[in-house]
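The values are calculated or read from the model by the stated rules, or taken from the named source; none is laboratory data. The model shown is predicted, which means the values in this text are computed figures rather than measured ones. A quick note on method: Cβ atoms are made from the backbone with ideal geometry, for glycine too, and the neighbour counts reach across all protein chains shown.
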Amino acid sequence: MTDPITVLELRGDRGGPWTARLVMFLRIVAAISMLKGLYHWSVVLGIGDSQFEAAATPMKAATIFFAVIDLVAAVGLWLAAAWGGVVWLTAAISMAAVELLFPQIFGGRLWIAYAEILVILTYVALSFISGRERST
């Protein structure tokens, strides 16, 4: 595995310790997004107890949406690309919104919405600290 500082230096960035922490955080979130995407694909493919074909249309649509967007976000986050953060934020906010506002789709698991919001806030804080580190 490549050290995050080395990846940043190859791109011409002179990142400090907070930038390295941000990249490591992005890689951890990328791994989690990959697992989430694979979980949603397992539901679509009927692996396990999945009753995807018998499910309501909103549940099918949401499951397919998250199956695709979580995997795309995982790739972008792993590469520490700007578009990866945007795609991941879209996925995370969408998941929190679905869990909070449409409990009939996935069952209204509030802990997932709170976890998504916590990870988003952590990302914002690390990005802010990393940005301040680079400007000095």
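Starting from residues that are among the β-branched types (Val, Ile, Thr) and crowded, with 19+ Cβ neighbours inside 10 Å, keep the ones in the range 18-72 and report whichever is farthest from residue 112 (Cα to Cα).
Among those residues, the one meeting the criterion is 19.
Matching residues to (1) among the β-branched types (Val, Ile, Thr); (2) over 11 Å from the mean Cα position of the chain (by Cα); (3) in a helix (DSSP H, G or I); (4) at pLDDT 90 or above:
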| residue | (1), (2), (3), (4) |
| --- | --- |
| 64 | yes, yes, yes, yes |
| 72 | yes, no, yes, yes |
| 118 | no, yes, yes, yes |
| 126 | no, yes, yes, yes |
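So in the range 88-111, with the set limited to residues that are touching a residue at least 40 places away in the same chain (Cβ under 8 Å) and among the aromatic types (Phe, Trp, Tyr), which one is nearest to residue 69 (Cα to Cα)?
Checking each candidate, the answer is 88.
Quick one: in the range 86-102, of everything that is of a type outside the set (D, E, K, R) and in contact with a Leu (Cβ under 9 Å, 6 or more places away or on another chain), which residue is modelled with the lowest pLDDT?
Among residues in the range 86-102 that are of a type outside the set (D, E, K, R) and in contact with a Leu (Cβ under 9 Å, 6 or more places away or on another chain), the one modelled with the lowest pLDDT is 100.
Being of a type outside the set (Gly, Ala, Ser) and without any contact (Cβ under 8 Å) to a residue 60 or more places away in the chain is the filter here, so list the residues in the range 112-122 that pass it.
Listed by number, the residues that qualify are 112, 114, 116, 117, 118, 120, 121.
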